[in-house]
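Peer 1: Structure provided below as structure tokens; questions to follow.
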Amino acid sequence: AGLVKHYPLSAAWFGRARGQVRAVDGVSFAIGEGETLGLVGESGCGKSTVGKAVLKLIEPSAGSIRLNGEDITALKPAAMVAHRRRMQVIFQDPYSSLNPRMTAGNIVAEPLINFGIGNRAEQQERVAALFGRVGLRPDQRDNYPHEFSGGQRQRLGIARALALGPSLIIGDEPVSALDVSVQAQVINLMMDLQEEYRLSYLFIAHDLGVVEHISHRVAVMYLGKIVEVAPRAALFEAPRHPYTEALLAAVPVSHPRQRRRRLVLKGDVPSPINPPSGCRFHTRCPIAVERCRSEEPLLVADTDGHAAACHLREPAR
Ligand code: SF4
Ligand code: MG
């Protein structure tokens, strides 16, 4: 928490949101300026819930969310307005998140209009600049979402997210619906924009392969908890949690020297409503021991900031 001052975002989030079936049980992380935290886990693990909590679309029952050092957890909607500008979201399916009856230009201009930023001419100028910045042609401003390809629609979503000059962008599976070649283009665009604007990203995905290129650090979630968080290289080259190893076994190896153990999980993901006792992963863990059924492992970090929650993989002291 002492580091909070230097971070645009830190979130410690506990509890079950009203109306949410899925519990998130104590997730805490910080994202630095210009940094990407990849958040990975199978569907239903709670990663989107974490994204929504950060955006304050749902209320946590305990914990806190800080943006640029300021605690925004308890802010009322009116006080949140200023913060809304600084936090934007990009969704998985740009088609369903873009109004089909609005022109692309108006979709990108809408946040500026809603926040009363600039006059009509200034807004148009800003929109044209944003189109250029995300690789769309200015004359495409008059087109409707259905006239764009999937990748172009995601560029449109990014332009809209950028309109207000945010410091944090939450991408909730922003490339999961795109073809692999288009995924790479959108990820490269996001990385260029990050460098240019010092953006922080919370990049949510169900696949470790997708976050490898863009993330500075990666957090892995299982049944509502972060089980491992580490700088990218450490996570991919020397994972400590058996669940991370299993996820990595499914990722094609990009480097010939990286050899990965084949690790296949048994059984299905248990219900997050009534998670297993002890280590939540014990019902599927290939190396579980008796202690794992009753004793919950803590997320223990080594000196390099590589943390994992596993009784058998504690860092050497
Ligand atoms: Fe597996 Fe036990 Fe480690 Fe959980 S604590 S990941 S069950 S070995
Ligand atoms: Mg989701």
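The values are calculated or read from the model by the stated rules, or taken from the named source; none is laboratory data. These figures come from a predicted structure and were not determined experimentally. Using ideal geometry, Cβ is built from the backbone for each residue, glycine included, and neighbour counts are taken over all protein chains shown.
Peer 1: In region 267-281, which residue that is hydrophobic (A, V, I, L, M, F, W, C) and within 14 Å of ligand 1 (Cβ to nearest atom) is surrounded by the most Cβ atoms within 10 Å (Cβ to Cβ)?
Peer 2: Among them, the one singled out is Cys279.
Peer 1: Which one of these is within 16 Å of ligand 2 (Cβ to nearest atom) and either outside the structural domain of Val186 (by TED's automatic domain parsing) or modelled with pLDDT of 90 or more (or both): Leu263, Leu223, Leu235?
Peer 2: Exactly one residue qualifies, and that residue is Leu223.
Peer 1: Can you name the helices (runs of 4 or more DSSP H) wholly within region 169-255 that have at least 1 residues being aromatic (Phe, Trp, Tyr) and within 16 Å of ligand 1 (Cβ to nearest atom)?
Peer 2: In region 169-255, the matching helices (runs of 4 or more DSSP H) lie at 242-249.
Peer 1: Out of the residues in region 226-239 meeting the condition of being in contact with a strand residue (DSSP E or B) (Cβ under 7 Å, 6 or more places away or on another chain) and surrounded by fewer than 23 Cβ atoms within 10 Å (Cβ to Cβ), tell me which one is nearest to Val180 (Cα to Cα).
Peer 2: The qualifying residue nearest to Val180 (Cα to Cα) is Arg232.
Residues are listed down the side, and each one gets a yes or a no for (1) without any contact (Cβ under 8 Å) to a residue 12 or more places away in the chain; (2) touching a Cys at 6+ places or on another chain (Cβ under 6 Å); (3) among the hydroxyl-bearing types (Ser, Thr, Tyr):
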{"site": "Ser271", "(1), (2), (3)": "yes, no, yes"}
{"site": "Cys279", "(1), (2), (3)": "no, yes, no"}
{"site": "Thr283", "(1), (2), (3)": "no, no, yes"}
{"site": "Leu299", "(1), (2), (3)": "no, no, no"}
{"site": "Gly305", "(1), (2), (3)": "no, no, no"}
{"site": "Cys310", "(1), (2), (3)": "no, no, no"}
{"site": "Arg313", "(1), (2), (3)": "no, no, no"}
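Peer 1: Which of the residues belonging to region 282-300 are part of a helix (DSSP H, G or I) and surrounded by 13 or more Cβ atoms within 10 Å (Cβ to Cβ)?
Peer 2: Once the filter is applied, which keeps residues that are part of a helix (DSSP H, G or I) and surrounded by 13 or more Cβ atoms within 10 Å (Cβ to Cβ), region 282-300 yields Arg291, Cys292, Arg293.
Peer 1: Shifting gears a bit: Only one residue in His206, His213 is away from ligand 2 (no atom under 16 Å from the Cβ) and either touching a Leu at 6+ places or on another chain (Cβ under 6 Å) or modelled with pLDDT under 95 (or both), so which one is that?
Peer 2: On inspection, the qualifying residue turns out to be His213.
Peer 1: Among the strands (runs of 3 or more DSSP E) lying completely within region 34-123, list those that include at least 2 residues that are closer than 30 Å to Phe148 by Cα, under 13 Å from the mean Cα position of the chain (by Cα) and of a type in the set (Ser, Thr, Tyr).
Peer 2: Output list is empty.
Peer 1: Next question, about the same structure. Scan region 174-186 residue by residue and report those that are touching a strand residue (DSSP E or B) at 6+ places or on another chain (Cβ under 9 Å) and surrounded by 21 or more Cβ atoms within 10 Å (Cβ to Cβ).
Peer 2: If the condition is that a residue be touching a strand residue (DSSP E or B) at 6+ places or on another chain (Cβ under 9 Å) and surrounded by 21 or more Cβ atoms within 10 Å (Cβ to Cβ), then Pro174, Val175 are the ones that fit.
Peer 1: Which residue pairs have Cβ atoms under 6 Å apart, sit 6 or more places apart or on different chains, and have a first residue in region 67-78 that is surrounded by 10 or more Cβ atoms within 10 Å (Cβ to Cβ) and a second that is among the hydrophobic types (A, V, I, L, M, F, W, C)?
Peer 2: Pairs that qualify, where the first residue is surrounded by 10 or more Cβ atoms within 10 Å (Cβ to Cβ) and the partner is among the hydrophobic types (A, V, I, L, M, F, W, C), are Leu67/Leu9; Gly69/Val4; Ile72/Ile65; Thr73/Ile65.
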